[in-house]
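I have placed the structure first, in the form of structure tokens, so that the comments after it can refer back to it.
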Amino acid sequence: MHNLNAAPPSLTADVLIVGFGPVGKLLAIQLGRRGHAVVVVDRQRAGYPLPRAVTHCSDFARILQSAGLAPDAIPEITQPYDDMYVWRNGEGRTLVEVDWSGRGESGWYNTYFFHQPSLETALDEVVAGLPTVRVMRGWEAVQMSQDAGSGVTVAIRSADGGERLDVAARWVVGADGANSQIRRWAGIGWHDEGYFYDWLVVDVKPSPRLGFPHVAAQSCDIRRPSTMVPGGPGRRRWEFMRLPHETKDALNRTEKAWELLAPYGITPDNSELERHSVYTFQAGWATRWREGRVLLAGDAAHLMPPFAGQGLGAGFRDVMNLGWKLDAVLRGLAGEPLLDTYGPERLPHVVAFVRFSMELGKVICISDPEEAAARDARMIADWAAGMKPPAPPRPRLGPGVHTGSAGGHLARQGRVRIDGGAPGRFDDVFGGPGALIARSAASLAGLPGEVRSSLKDVGVDTVALSGPDVPGVTVIEDLDEVYVTWLDELAADVVLVRPDFYLYGAGGGGAAAELAAGFLTRLGAPASVAVG
């Protein structure tokens, strides 16, 4: 990582990323690994050292895998949670048990708990190995102007105000958080859901001798709604709602944190209080995610309360969607209108999680006794009757680069092997998820070589689950029958998976050429290649 605080009078870049939080880091990795010149600026001289996000899901784990940080390679940072998430009322009666166990379609556990500062350090180390990425900490963006035909110029200033220079970039990505200056300069509006709740967030390192159980629980006690979850290996997270009669300042005191932790057996004698802070949970999103050559990602594009544990995950999904599209545009493999699909695809997806998080919050954040009694009676009756709790949404992407009823849904990942070699997860074996996958190589035999080459250029391999031998087609062994089962469920013989884990489309044995041509055409590829 070329983290140079002394800078030349001006800089140029393919992409300027404003903000070096986890979203900015991941985008720098995705673009830097593809060889693009990236400059990242962040007004903070150092990363934020304390925990924020603590949980992630299966497709988040697959995204980490894409960055070389698969969960099983960083057990000191993230650990699976293969158990129930229990909600109880103030009397200790179970309201619902949410099943957080098992593995998801991405090939990883459905639920993990992690330590964000350690994850960010690991991301920093990956960025450090990318020679085309320049990170400038302690530099703040102070002005922006864009020329629709050539790019964007952003003036940046050193933290001490002693230096100023311009960065000329073909594209700028604002990953600068909820109060995004880039969003404001671009004139992009904000939709506010009018959701505001204050919660005290407390992170603790219990002594190992305490043997605190690896459990996740939600207390819907009107006397103090609270959340208790793991906080990554060796850590715990508590969240306590501010009650109507309290002030933020009264709640955000060290003595108050210890007082609220005491019923759980957590004391200064057996635990370290890493931090406590009052956050105002909010919900909203940017009304559009592109303005000319300026794009938004992460909290600059959306905010949600933490009850579904999807805030950072949504930002990482932004990066995966935007990264492969920016790469294709920068390399001349796609037209700039491809970037017009970024916001329309991501926004409906993220709104589904925002509103699901809000609905969970409406159940949790009740302080009125009568309203809480009605909630408890309803939920206890539903649980006794065997009714399953509401599952997290599984939204498809909004309108964009996908087709048919299967398109826009998350693709699966299984273990595969090639020619009797070592088994591995698909993305590791092929260097990414993008693939045109057929039951039989015979379905791909008629695919012109230039089409296979064009697919390969944008990160889409040509793969079959069985022979015959066809030039340019890799036959894999589907070790756990993940792909056979998936194709059966889709009633399909061929699927095209995009480089961001999402499905472009599916079809019968004769659909390979049509899927490939349609995909390349949607990218704006040359017509002669797109139609074969």
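The values are calculated or read from the model by the stated rules, or taken from the named source; none is laboratory data. Bear in mind the structure is a predicted one, so any value in this text is a computation, not a measurement. Please note: Cβ atoms are built from the backbone with ideal geometry, for glycine as well, and neighbour counts cover all protein chains shown. Only protein heavy atoms, including side chains, enter the accessible area calculation; ligands, DNA and RNA are left aside. Shrake-Rupley method; radii C 1.70, N 1.55, O 1.52, S 1.80 Å.
Read through the list (1) within 30 Å of R288 (Cβ to Cβ); (2) touching a strand residue (DSSP E or B) at 6+ places or on another chain (Cβ under 8 Å), then give the number of the only condition that L261 fails. All conditions are met except number (1). Restricting attention to the stretch 364-419, the residues being in a loop (DSSP other than H, G, I, E, B), surrounded by 17 or more Cβ atoms within 10 Å (Cβ to Cβ) and of a type in the set (V, I, T) number 3. Does any residue of the stretch 53-74 turn out to be over 29 Å from G424 (Cβ atoms) and either basic (K, R) or surrounded by fewer than 21 Cβ atoms within 10 Å (Cβ to Cβ) (or both)? Checking the stretch 53-74: not a single residue is over 29 Å from G424 (Cβ atoms) and either basic (K, R) or surrounded by fewer than 21 Cβ atoms within 10 Å (Cβ to Cβ) (or both). Restricting attention to the stretch 123-139, the residues that are over 11 Å from V39 (Cβ atoms) and surrounded by 19 or more Cβ atoms within 10 Å (Cβ to Cβ) total 4. For the stretch 88-119, a tally of residues being in contact with a Phe, Trp or Tyr (Cβ under 9 Å, 6 or more places away or on another chain), open to solvent by less than 30 Å² (accessible area, probe 1.4 Å) and more than 24 Å from P433 (Cβ to Cβ) returns 7.
Hey, any hits in the stretch 29-47 for a residue that's small (G, A, S), in contact with a strand residue (DSSP E or B) (Cβ under 9 Å, 6 or more places away or on another chain) and under 23 Å from Q79 (Cβ atoms)? Scanning the stretch 29-47 turns up at least one residue that is small (G, A, S), in contact with a strand residue (DSSP E or B) (Cβ under 9 Å, 6 or more places away or on another chain) and under 23 Å from Q79 (Cβ atoms).
Within the stretch 184-198, residues that are at negative phi have Cβ atoms under 6 Å from residues that are polar (S, T, N, Q) and not in a loop (DSSP other than H, G, I, E, B) in these pairs: F196/T280; D198/T280, counting only partners at least 6 apart in sequence or on another chain. The residue pairs whose first member lies in the stretch 133-150 and is in contact (Cβ under 8 Å) with a residue 60 or more places away in the chain, whose second member is among the polar types (S, T, N, Q) and open to solvent by 70 Å² or more (accessible area, probe 1.4 Å), and whose beta carbons are closer than 8 Å, counting only pairs six or more residues apart or on different chains, are M136/N5; R137/N5; R137/Q44; G138/N5; G138/Q44; W139/N5. The numbered conditions (1) touching a Cys at 6+ places or on another chain (Cβ under 9 Å); (2) in a loop (DSSP other than H, G, I, E, B) are all true for W87 except (2).
Hey, does the stretch 335-350 have a residue that's part of a helix (DSSP H, G or I), among the hydroxyl-bearing types (S, T, Y), modelled with pLDDT of 95 or more and under 29 Å from V401 (Cα atoms)? Checked the stretch 335-350: at least one residue is part of a helix (DSSP H, G or I), among the hydroxyl-bearing types (S, T, Y), modelled with pLDDT of 95 or more and under 29 Å from V401 (Cα atoms).
When residues in the stretch 151-196 are screened for being open to solvent by 70 Å² or more (accessible area, probe 1.4 Å) and under 19 Å from L31 (Cβ atoms), 1 of them pass. Scanning the stretch 306-330 for residues that are of a type outside the set (D, E, K, R), within 27 Å of A391 (Cβ to Cβ) and either in a helix (DSSP H, G or I) or touching a Leu at 6+ places or on another chain (Cβ under 8 Å) (or both) yields a total of 12. Selection of helices (runs of 4 or more DSSP H) fully inside the stretch 427-532 by the criterion of at least 1 residues being closer than 22 Å to V319 by Cα, open to solvent by 40 Å² or more (accessible area, probe 1.4 Å) and free of Cβ contacts under 8 Å to residues at least 12 places away in the same chain returns 449-457.
In a residue-by-residue description of the stretch 230-245, the property of being on the phi < 0 side of the Ramachandran plot, without any contact (Cβ under 8 Å) to a residue 12 or more places away in the chain and surrounded by fewer than 22 Cβ atoms within 10 Å (Cβ to Cβ) applies to at least one position.
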